[in-house]
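A.B. asks: Please find one structure pasted underneath; my questions will follow.
The values are calculated or read from the model by the stated rules, or taken from the named source; none is laboratory data. Since the structure is predicted, the reported quantities are computational estimates derived from the model, not experimental observations. Here Cβ is always computed from backbone atoms with ideal geometry, including for glycine, and neighbour counts include all displayed protein chains. Heavy atoms of the whole protein, side chains included, go into the accessibility calculation; ligands, DNA and RNA do not. Shrake-Rupley method; radii C 1.70, N 1.55, O 1.52, S 1.80 Å.
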Amino acid sequence: MVLIMELFRGPLIDVGGSPHYMIKEIHEEPSILKRLWENLGDKIRQIAQRIYSSDKIYVIGSGSSYNAGLVFHYALAQHARRISIPIVSGDYPHYSGIVSRGDVAIAISQSGYTSDTLEAVKRARGAGAYIVGVTNNPESPLARISDDIIHIMAGKEEAVTATKTFTAQLYSLLMVSSEVSKLGGGEGIEDLGALPKILLSSISNLEPISRRIASEIYRYQSIFILGMGIGHAVSREAALKLKEASGIYSEAIHTSEARHGPKAVMGKKTPIYCNIFAEEDLEDVEKLLRDLEGSGVPIYLITSKEIGEDIGKRSLDIVTLTPLKSSSIAIIATSFYQLLSYYVSISRLLDPDMPRMLTKVVL
Ligand code: F1P
């Protein structure tokens, strides 16, 4: 009993009525989005203008911040018909020769201290790129060396596992994509203003579902998370959360790539989560499901209602998300995986706020 109390850590500290910071911070997300929607408008329009008139767009970050940047990359393509180049911060040297004046580099780091990101920014700046920092710390080194910043206003994040800062980064970046889309004569992302409310009700719907699924999967050693486009970016973040908070080996696999090798290790012992956020994903998902039929692989589809209905004729576990057609679905889907990672962590008697071997800032 004492051991369990120790591991849960929650009852021993006061985190505003929540047993852990991680779950408290997930629940803060809707109000952070509201704050951003109400305060960031002018800044976002200014930065969108800069991006719209740039030659090339680089998106730089590490860990969760890279994953937020990858959603942004897909959102810019989908809504604004612009190509950006997503770069893992540490990989920057492999691109440095092509960055030049007239380019914009969007550098994402909640802490603003991640050394790989700072190094990449210094080099991009040296090459003449205009730097937009996206950070939760306006006093950080990243903020200081950026030409402009988006302050994501998430408040201090106590849990090492990033949740609310990821969602705030993502929302700010979707606001930017929406404005770049409008500058090019597009329609923008129409559901962004309603998203704080949608997320609030979605979290309360998804919480019991994620608890139930956590109780089904917490004993597994490994998990695959599949997706395409934005669904792939979300699967990367989901896999990272499950590794960090729950200690489960989880791998993000592009859905269309699953039949090119990974299928060989798919079996009863490895549940599959499959993100389906767009009609275009269905053909690849159908092919894979056909291949896996009878193999006993536990499959969960994470999808919006309309898309899920066809496939739902098979006996699969379907997690129904609010049916958003835009990139905003990434925020709703990520909140499901954040909740799932939290509840798997609890079921495994781990401390979700302090994963082993991790620190909040990677210097
Ligand atoms: C990047 C990051 C986090 C991750 C972990 C280590 O941080 O990779 O995404 O969850 O805590 O650091 P940052 O650059 O966004 O501060």
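A.B. asks: Within segment 229-238, can one find any residue that is touching a residue at least 12 places away in the same chain (Cβ under 8 Å), in contact with a His (Cβ under 6 Å, 6 or more places away or on another chain) and more than 22 Å from Gly267 (Cβ to Cβ)? It would help to see each step written out before you state the result.
C.D. replies: Initially, segment 229-238 is screened for residues touching a residue at least 12 places away in the same chain (Cβ under 8 Å), giving 229-238.
Those left that are additionally in contact with a His (Cβ under 6 Å, 6 or more places away or on another chain): 232.
In the following step, the residues that additionally are more than 22 Å from Gly267 (Cβ to Cβ) were identified as 232.
Scanning segment 229-238 turns up at least one residue that is touching a residue at least 12 places away in the same chain (Cβ under 8 Å), in contact with a His (Cβ under 6 Å, 6 or more places away or on another chain) and more than 22 Å from Gly267 (Cβ to Cβ).
A.B. asks: Looking at segment 330-360 only, could you name the residues that are within 14 Å of the ligand (Cβ to nearest atom) and under 17 Å from Ala168 (Cβ atoms)?
C.D. replies: Thr334, Tyr337, Gln338, Lys360
A.B. asks: Residue pairs, Cβ under 6 Å, 6 or more apart or interchain, first in segment 178-199 and closer than 15 Å to Ile329 by Cα, second among the β-branched types (Val, Ile, Thr) and in a loop (DSSP other than H, G, I, E, B). List them.
C.D. replies: Ser178/Ile189; Ile198/Thr322
A.B. asks: Can you list residue pairs whose Cβ atoms sit under 6 Å apart, with the first residue in segment 145-168 being touching a residue at least 60 places away in the same chain (Cβ under 8 Å) and at positive phi and the second being open to solvent by 10 Å² or more (accessible area, probe 1.4 Å) and away from the ligand (no atom under 12 Å from the Cβ)? Count only pairs 6 or more apart in sequence or on different chains.
C.D. replies: Met153/Arg35
A.B. asks: Which condition breaks for Pro141 when tested against (1) more than 12 Å from the ligand (Cβ to nearest atom); (2) touching a helix residue (DSSP H, G or I) at 6+ places or on another chain (Cβ under 6 Å)?
C.D. replies: With (1) more than 12 Å from the ligand (Cβ to nearest atom); (2) touching a helix residue (DSSP H, G or I) at 6+ places or on another chain (Cβ under 6 Å) applied to Pro141, the lone miss is (1).
A.B. asks: Would you point out the residue of segment 204-248, among those that are within 16 Å of the ligand (Cβ to nearest atom) and outside any helix (DSSP H, G or I), that is least open to solvent (accessible area, probe 1.4 Å)? Give the derivation first.
C.D. replies: Of all residues in segment 204-248, those within 16 Å of the ligand (Cβ to nearest atom) come to 233-248.
If we keep only those that are outside any helix (DSSP H, G or I) as well, we get 247-248.
Details: Gly247: 53, Ile248: 2 Å².
Checking each candidate, the answer is Ile248.
A.B. asks: Which of (1) modelled with pLDDT of 95 or more; (2) under 19 Å from Gln338 (Cβ atoms) does His254 not meet, given it meets every other one?
C.D. replies: (2)
A.B. asks: Could you count how many residues in segment 82-118 are of a type in the set (Gly, Ala, Ser) and within 16 Å of the ligand (Cβ to nearest atom)? Even if it seems obvious, please write down each step before you answer.
C.D. replies: Just the residues of segment 82-118 that are of a type in the set (Gly, Ala, Ser), to begin with: 84, 89-90, 96-97, 100, 102, 105, 107, 109, 111-112, 115.
Filter again for within 16 Å of the ligand (Cβ to nearest atom), leaving 89-90, 105, 107, 109, 111-112, 115.
Qualifying residue count for the region: 8.
A.B. asks: Can you name the residue in segment 144-164 that is out of contact with any helix residue (DSSP H, G or I) (no Cβ under 7 Å at 6 or more places or on another chain) and of a type in the set (Lys, Arg) and, of all such residues, is most open to solvent (accessible area, probe 1.4 Å)?
C.D. replies: Among those that are out of contact with any helix residue (DSSP H, G or I) (no Cβ under 7 Å at 6 or more places or on another chain) and of a type in the set (Lys, Arg), it is Arg144.
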